[in-house]
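J.: Take a look at the following structure, please.
Bear in mind these aren't lab numbers, they're just calculated from the coordinates by the rules spelled out. Everything numeric here is computed off the predicted structure, so don't read it as measured data. Please note: Cβ atoms are built from the backbone with ideal geometry, for glycine as well, and neighbour counts cover all protein chains shown.
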Amino acid sequence: MCLIRSRLADSRVQRLSTTTLFVQGRMLNLCTLLQEQEKSAKLTESMKRLDEEKKKTDELLYQMIPKTVADRLRRGDSAVSTCETFDEVTILFSDICGFTNICGAITPLDVVNMLNNMYSVFDKLTEQNCVYKVETVGDAYMIVSGAPVKTEHHAPLMSEMAQDMIKAIANCKDPSGINPHLMMRIGLHTGMVVAGVVGVKMPRYCLFGDTVNTANKMESSGQPQRIHISATTKTKLDSYEAYVISDGSEVVLPNKRSFRTYFLDGKRQNSPQVRSLLSILTLERSKLQDGLSSDQRGSESWQERASSASRSSHRQHRPEVAKALNGSH
């Protein structure tokens, strides 16, 4: 009888030990699961912060260098190798009329605020029209269409940008009170340029060639609130039969060469050619936007990187824990 009782007691102890081990095992699995969830949350947060910082860095970089060129430099290409000849682009120069007098009548802070407000509007217009801002120097604003992404419709794209700028500046109040609103001169010229990255500490995407100088001359010899265009730009625009263009004057360049100029007065009213042009430009802008955004499609978001890292971490642990973790996301 004592032997039976002893064996029953041993059996209870064995079952209790087995139960204890089972509970301890489940607790261990639960602790591991919680630890993995905590690691995964921290990893996700770290990836998110890393991606936010990368976006800030990219935004600063893309303000100096086009995305397509910046990605080539990141892949190890030299700055010289990024230089490229563009057979035909349209360049725009603009500046504020009477800028010196305005600056003399207001405080330096007012000048900064005026330029900041104006350029913020212009920057949005460059995005909408899919043209590239090359640089700003004081009140001068330089834009190009046809580089760094090539397009055959560079002239009308830039013409639309110029017209938008004229409309926008008319809504900018003159802080000096000299005029009711700010006024600007705009000059356009079409031709060949060489473009590339210049500088090491402060790299910039620059354009070189007579086309740049001529476009600048078109601006300086223009008239307030008018778009001064060269004969080459006029020829490109005439092919669309959608614009109203009037005669300008004879302009003499520093090399003594002179040429005829014109003024872009707007688009023809109720013209089927205008409707056709607007359809063409809408499609072209879509293509240009796709070309610019495609450079970023190869980079993973922080969610994708965190998920990938988390899956890699899970594979190193017991299958039941990995299964539970995967089910929790």
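J.: Distances over 15 Å make up what percent of all Cα-Cα pairs in the range 243-291?
T.: 65 percent
J.: For 237, 28, 43, 207, what ranking results if the residue with the fewest other Cβ atoms within 10 Å of its Cβ goes first?
T.: 28, 43, 207, 237
J.: Stretch residue 116-residue 150 to full length: gain in nm at 0.36 nm per residue minus the Cα-Cα span?
T.: Additional length available on full extension: 9.3 nm.
J.: Follow-up. According to the square roots a ≥ b ≥ c of the eigenvalues of the Cα gyration tensor, what is the shape class of the range 31-90, taking rounded for a/c under 1.5, prolate for a/b larger than b/c otherwise, and oblate for the remainder?
T.: Because a/c hits 1.5 or more and a/b exceeds b/c, the range 31-90 counts as prolate.
J.: Just to be sure I understand the model, the point goes 7 Å from the Cα along the line to the Cβ. What's the resulting residue 258 to residue 231 distance in nm?
T.: 1.3 nm
J.: Further question: What is the mean projected area of the alpha carbon convex hull for the range 77-162, to one decimal in square nanometres?
T.: With every direction weighted equally, the projected area is 7.1 nm².
J.: Which order results if 208, 263 are arranged by neighbouring Cβ count within 10 Å, fewest first?
T.: Ranking 208, 263 by Cβ neighbours within 10 Å, fewest first, gives 208, 263.
J.: Using 1/(1 + (r/R0)^6) with R0 = 51 angstrom and r between the beta carbons of residue 192 and residue 39, what's the FRET efficiency to the nearest 0.05?
T.: For residue 192 and residue 39, the calculated efficiency is 0.35.
J.: How big is the antiparallel share of DSSP beta bridges in the range 178-237, given as a percent to the nearest 5?
T.: Once the DSSP bridges in the range 178-237 are tallied, antiparallel ones form about 60 percent.
J.: Taking the range 218-273, which GluC sites (Glu not before Pro) meet the DSSP loop condition and have no more than 14 other C-beta atoms within 10 Å?
T.: Filter output for the range 218-273: 241.
J.: So, one more: State the volume of the convex hull built on the alpha-carbon positions of the range 140-271, expressed per residue in Å³ and rounded to an integer.
T.: Cα-based convex hull of the range 140-271, divided per residue, equals 148 Å³.
J.: Pop out the ³J(HN,Hα) list for the range 148-162 in order, Karplus 6.51 cos²θ - 1.76 cosθ + 1.60 with θ = phi - 60°, rounded to Hz; leave Gly and Pro as x.
T.: Result, rounded to whole Hz: x, 9, 6, 8, 7, 9, 5, 5, x, 4, 6, 5, 5, 4, 4.
J.: Now for a different question. Please give the charge dipole size of the range 107-156, origin at the Cα centre, charges +1 on K and R Cβ atoms and -1 on D and E Cβ atoms. Round to the nearest 20 debye.
T.: 140 debye
J.: May I pose another question? Taking amide hydrogens as modeled 1.01 Å from N in the peptide plane, which residues meet the under 5 Å criterion relative to residue 227, leaving out close sequence neighbours?
T.: 264
J.: Enumerate the amide H contacts of residue 134 below 5 Å, restricted to partners 5 or more residues apart or on another chain; note that Pro and chain-start residues carry no placed amide H.
T.: Here 142, 143, 144 satisfy the definition.
J.: Can you give the Rg to Rh ratio of the range 209-273, both from alpha-carbon atoms, with Rh computed by the Kirkwood formula?
T.: Rg divided by Rh gives 1.01.
J.: Just to check I understand the Karplus step: with θ = phi - 60° and J = 6.51 cos²θ - 1.76 cosθ + 1.60, what whole-Hz values come out for the range 138-146, glycine and proline as x?
T.: The phi angles translate into x, 8, 8, 10, 10, 9, 9, 10, x Hz.
J.: Another question, then. Given R₀ = 35 Å, FRET efficiency for residue 106-residue 68 by Cβ-Cβ distance, to 0.05?
T.: Efficiency for this residue pair is about 0.30.
J.: Between residue 287 and residue 181, what FRET efficiency comes out of the Förster formula 1/(1 + (r/R0)^6) with R0 = 22 Å and r the beta carbon distance, rounded to 0.05?
T.: That pair, residue 181 with residue 287, gives E of 0.05.
J.: What list of whole percents do you get for P(r) of the range 76-232, with Cα-Cα distances grouped in 5 Å bins up to the one holding the largest distance?
T.: 2, 9, 19, 21, 19, 14, 9, 5, 2, 0, 0
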